[in-house]
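A quick write-up on the structure given underneath.
The values are calculated or read from the model by the stated rules, or taken from the named source; none is laboratory data. All figures in this text were calculated on a predicted structure; none of them were measured in a lab. Glycine gets a Cβ as well: all are built from the backbone with ideal geometry, and neighbour counts include every protein chain shown.
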Amino acid sequence: MTVTRRTDRQARAIRLGPRSWLALALVSAVGVAGFGWPFLAPPASALNAHAQDAPWLFAGLLVLLVAVVAATISESGLGPKAVAMLGVLAATGAALRPIGAGTAGLEPMFFLMVLSGRVLGPGFGFVLGSVTMFASALLTGGVGPWLPFQMLAMGWFTMGAGFLPGPDRLRGRAEAWMLAVYGFLAAFAYGTVMNMAGWPFMSALASNISFSPDASLPTNLARFLAYCLATSLGWDLGRALVTVALTLTVGTPLLKALRRATRRAAFETPVTFGDAPR
């Protein structure tokens, strides 16, 4: 007698290969440099002499690198079923963003990104986060030098949910609480890295919270912390609380719906074309 063991291994819309991981690591490394160069460059560095130009340079570079990563990931397994799922979720996320319009950080899009990254994996999550932010910027008129940084930060945010433990076994309230905690922390992390992208532009304002190219690392860290507390703490807290509330209230049924759609899509089953019946 043959016993068939049922497996609950969660299907992934995209299975990343070595080349995709390498491209993702490259764009992440450049992104870290683009966000954190005020802390990485020593006070005597020539880069500090172009403090106003550096964010523009990194923004242009990030556009190219994000495009390369998306193309590489697509080549490694973004099939027609995954493209359809990507389009639906990106459109939904882009439509959710204007609901709060950034008012006090009320951005319901973030909770959808957390759940999607959890179900569909880190590779799909990175592409989804970047595409959703790009689409929402077109919808809300938010295109500017900050957009590449938003795309990369949202890609990281969504990808991180795909790395959380227990994707094949953790279910119910335990999973919802884990995602809520991640969403809370990641919402603050997103706000912090986006502050790092815009903070150098404040150097023209001679204030105690602006970036100073000639200041030491501890001094600039203290200035940056004061900048975050003064400008974005309320927005980050609102974003985090909304993400937690939505994850705990509607997260579990939405996770079930996403997993059901993933099973029906059968991402890991190759699409074949045969001769038409005669």
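Conditions: (1) over 18 Å from the mean Cα position of the chain (by Cα); (2) surrounded by 18 or more Cβ atoms within 10 Å (Cβ to Cβ). Ala240 meets all but one. Number of the miss?
(1) is the only condition that Ala240 fails.
Per-residue answers, yes or no, for (1) closer than 27 Å to Val127 by Cα; (2) of a type outside the set (Ser, Thr, Tyr):
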{"position": "Gly162", "(1), (2)": "yes, yes"}
{"position": "Met178", "(1), (2)": "yes, yes"}
{"position": "Tyr190", "(1), (2)": "yes, no"}
{"position": "Asn195", "(1), (2)": "yes, yes"}
{"position": "Pro213", "(1), (2)": "no, yes"}
{"position": "Leu233", "(1), (2)": "no, yes"}
{"position": "Arg239", "(1), (2)": "yes, yes"}
{"position": "Gly251", "(1), (2)": "yes, yes"}
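Restricting attention to segment 248-259, does a residue exist that is of a type in the set (S, T, N, Q) and either farther than 20 Å from Ala90 by Cα or over 18 Å from the mean Cα position of the chain (by Cα) (or both)?
Within segment 248-259, the subset of a type in the set (S, T, N, Q) is 249, 252.
Imposing the further condition that a residue be either farther than 20 Å from Ala90 by Cα or over 18 Å from the mean Cα position of the chain (by Cα) (or both) reduces the set to 249, 252.
Yes; the residues of segment 248-259 include at least one that is of a type in the set (S, T, N, Q) and either farther than 20 Å from Ala90 by Cα or over 18 Å from the mean Cα position of the chain (by Cα) (or both).
Limited to segment 185-218, what total is found for residues that are of a type in the set (Ser, Thr, Tyr), over 11 Å from Pro38 (Cβ atoms) and assigned to a helix (DSSP H, G or I)?
Within segment 185-218, the first condition is being of a type in the set (Ser, Thr, Tyr), and the residues that meet it are 190, 192, 203, 207, 210, 212, 216.
Right, trim to over 11 Å from Pro38 (Cβ atoms) and you get 190, 192, 207, 216.
Of the ones still in play, those that are also assigned to a helix (DSSP H, G or I) are 190, 192.
Looking only at that region, the number is 2.
Quick one: Gly125 ticks every box in (1) in contact (Cβ under 8 Å) with a residue 40 or more places away in the chain; (2) in contact with a helix residue (DSSP H, G or I) (Cβ under 7 Å, 6 or more places away or on another chain) bar one, so which box is it?
Of the numbered conditions (1) in contact (Cβ under 8 Å) with a residue 40 or more places away in the chain; (2) in contact with a helix residue (DSSP H, G or I) (Cβ under 7 Å, 6 or more places away or on another chain), the odd one out for Gly125 is (1).
Name the residue, out of Phe111, Phe126, that is farther than 22 Å from Val27 by Cα, crowded, with 24+ Cβ neighbours inside 10 Å, among the aromatic types (Phe, Trp, Tyr) and modelled with pLDDT of 85 or more.
Details: Phe126 fails: farther than 22 Å from Val27 by Cα.
When all the criteria are applied, what remains is Phe111.
Of everything in segment 134-175, what is among the aliphatic types (A, V, I, L, M), modelled with pLDDT of 90 or more and crowded, with 19+ Cβ neighbours inside 10 Å? Give them in sequence order.
Ala153, Met154, Met159, Ala161
With more than 24 Å from Ala161 (Cβ to Cβ), in a helix (DSSP H, G or I) and modelled with pLDDT of 90 or more as the only criterion, which of Leu225, Leu241 stands out? If you could, list the steps in order and put the result at the bottom.
Details: Leu241 fails: more than 24 Å from Ala161 (Cβ to Cβ).
Every option except Leu225 fails the conditions.
Evaluate segment 44-58: report whether one residue or more is loosely packed, with under 13 Cβ neighbours inside 10 Å and modelled with pLDDT of 65 or more.
no
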